[in-house]
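Asks: Structure incoming, see below.
The values are calculated or read from the model by the stated rules, or taken from the named source; none is laboratory data. All of these numbers come straight from a predicted model, not from anything done at the bench. Because the Cβ atoms are built from the backbone with ideal geometry, glycine has one as well, and the counts that use them run over all protein chains shown. Only protein heavy atoms, including side chains, enter the accessible area calculation; ligands, DNA and RNA are left aside. Shrake-Rupley method; radii C 1.70, N 1.55, O 1.52, S 1.80 Å.
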Amino acid sequence: MENSNHQSKNGAEAHTASNKVSVLNCIDLSSPDIHQSVSLLKQACLDCGFFYVINHGISQEFMDEVFAQSKRFFSLPLNEKMKLLRNEKHRGYTPLLDELLDPDNQVHVGDYKEGYYIGVEVPEGDLESDKPFYGPNVWPAADVLPGWKETMERFHREALEVAKAIARIIALALDLEIDFFERPEMLGEPISILRLLHYEGRISDPLKGLYGAGAHSDYGLITLLATDDVMGLQICKDKDAKPQIWEYVPPLKGGFIVNLGDMLERWSNCIFKSTLHRVLVNGQERYSIAYFVEPSHDCLVECLPTCKSEQNPARFPPIKCTTYLSQRYRDTHADLNLYKKHQT
């Protein structure tokens, strides 16, 4: 693995949880006080790498429609969903147990969730379509789920604008130019991936290695997460603590929960934190929508000039975004050959 901000270790001490609820900073994207926004975000990034974003410009009415369309898809029979199985470009459906995020603790079992990947649309035959995370999306038939494609494409576009607004505040918090992350090689041509998620009602049990989503940190720059009102997300602010202490992050209707990814931690020379998180399911179904924001394939991720010094030299060698992400996806997803029997 390229990044060690990953799995916890075996043993009961790794599973110590509490019903404590985490208190996160809240960034109002409509606020004219940019200095306050930068201060709140910087504190959150130094502390736990998670914060809320509100007044982001996506209407509650539209968010409700996206969730409704997501539920319509996951309500389809399994054989219909398997016709849209994710491909090598990571577009399409991911079944239960497809993803294994915490192999040290999820013994022989993956995540009890199903998902659906939607990326930046790049037509087949386009010169860019041969890159690992670019290509055409996989869509349900319009007569099966009318309006589904159009809803998801619109959300993908609007979420990217929210991500760019957050990236501008992050740049200022790192003493960079405000548009640092909007250059063509970064968010000008992003890999950004929308993922719909559905957690079945199976009760999680960390002592048995059963999770909605195993402990992990995200791969990329930042993640925007919208959830329903079912509690489940937990964060561990100190991954090296023994025992690890896990805190619930309450849902925030209309807002996004935002967290930093490993790539930003690497970029910032570990000044900003990419935090372990997981999902425990309490017997209720749970739906969420994650929007993973990554720079372009050819972006070279190397220590930012404002994050290194003679006393604090760069900890990681430069690496291309596409190399980094490809390795992380290979490490956590099932081999597609395992599903061939479902496609005959």
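Asks: Can you list residue pairs whose Cβ atoms sit under 6 Å apart, with the first residue in the stretch 239-261 being in contact (Cβ under 8 Å) with a residue 40 or more places away in the chain and within 15 Å of A290 (Cα to Cα) and the second being open to solvent by less than 20 Å² (accessible area, probe 1.4 Å) and among the acidic types (D, E)? Count only pairs 6 or more apart in sequence or on different chains.
Replies: Short answer, once both residue conditions are applied: G261/D218.
Asks: Follow-up question, since we're still on this one. Can you name the condition, by its number, that N87 falls short on among (1) open to solvent by 70 Å² or more (accessible area, probe 1.4 Å); (2) modelled with pLDDT under 95; (3) at negative phi; (4) not in a helix (DSSP H, G or I)?
Replies: Looking at each condition in turn, N87 falls short on (1).
Asks: Something else: Taking the conditions exactly as written (among the charged types (D, E, K, R) and either over 28 Å from Q327 (Cβ atoms) or free of Cβ contacts under 8 Å to residues at least 12 places away in the same chain (or both)), does D102 satisfy them or not?
Replies: No.
Asks: Also, I was wondering about something else. Against the definition (aliphatic (A, V, I, L, M), outside any helix (DSSP H, G or I) and surrounded by fewer than 19 Cβ atoms within 10 Å (Cβ to Cβ)), how does V23 come out, yes or no?
Replies: Taking the combined requirement at face value, the residue satisfies it.
Asks: Being within 20 Å of F67 (Cβ to Cβ) and among the basic types (K, R) is the filter; apply it to the stretch 241-299 and report the residue that is surrounded by the most Cβ atoms within 10 Å (Cβ to Cβ).
Replies: Only one residue tops the list, namely R286.
Asks: Looking for whichever is of a type outside the set (K, R), under 20 Å from the mean Cα position of the chain (by Cα) and part of a loop (DSSP other than H, G, I, E, B) here; the options are L46, L101. Which one fits?
Replies: Being of a type outside the set (K, R), under 20 Å from the mean Cα position of the chain (by Cα) and part of a loop (DSSP other than H, G, I, E, B) holds for just one of L46, L101, which is L101.
Asks: Next up: Take the stretch 170-218 and flag every residue that is closer than 15 Å to Q284 by Cα and touching a strand residue (DSSP E or B) at 6+ places or on another chain (Cβ under 9 Å).
Replies: Of everything in the stretch 170-218, those that are closer than 15 Å to Q284 by Cα and touching a strand residue (DSSP E or B) at 6+ places or on another chain (Cβ under 9 Å) turn out to be L197, H198, Y199, E200, G201, R202, I203, S204, Y211, G212, A213.
Asks: I've got another one for you. For the stretch 67-76, does any single residue satisfy the condition of being under 26 Å from P295 (Cα atoms), open to solvent by 10 Å² or more (accessible area, probe 1.4 Å) and either hydroxyl-bearing (S, T, Y) or in contact with a helix residue (DSSP H, G or I) (Cβ under 7 Å, 6 or more places away or on another chain) (or both)?
Replies: Checked against the condition, which is being under 26 Å from P295 (Cα atoms), open to solvent by 10 Å² or more (accessible area, probe 1.4 Å) and either hydroxyl-bearing (S, T, Y) or in contact with a helix residue (DSSP H, G or I) (Cβ under 7 Å, 6 or more places away or on another chain) (or both), the stretch 67-76 yields no hits at all.
Asks: Let me ask something additional. Of these, R168, R195, which one is of a type in the set (K, R), outside any loop (DSSP other than H, G, I, E, B), open to solvent by less than 20 Å² (accessible area, probe 1.4 Å) and touching a residue at least 12 places away in the same chain (Cβ under 8 Å)?
Replies: Of the residues listed, the single one that is of a type in the set (K, R), outside any loop (DSSP other than H, G, I, E, B), open to solvent by less than 20 Å² (accessible area, probe 1.4 Å) and touching a residue at least 12 places away in the same chain (Cβ under 8 Å) is R195.
Conditions (1) at pLDDT below 95; (2) within 26 Å of L101 (Cα to Cα); (3) out of contact with any Cys (no Cβ under 6 Å at 6 or more places or on another chain); (4) not basic (K, R), marked per residue:
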| site | (1), (2), (3), (4) |
| --- | --- |
| A165 | no, no, yes, yes |
| Y199 | no, yes, yes, yes |
| G214 | yes, yes, yes, yes |
| S217 | yes, yes, yes, yes |
| L221 | yes, yes, yes, yes |
| C236 | yes, yes, yes, yes |
| W246 | yes, yes, no, yes |
| G254 | yes, no, yes, yes |
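Asks: Looking only at the stretch 104-121, which residues are under 24 Å from K149 (Cβ atoms) and part of a loop (DSSP other than H, G, I, E, B)?
Replies: Listed by number, the residues that qualify are G119, V120.
Asks: Do we find that G214 is within 28 Å of Q327 (Cβ to Cβ) and buried (at least 22 other Cβ atoms within 10 Å of the Cβ) in this structure?
Replies: In short, yes.
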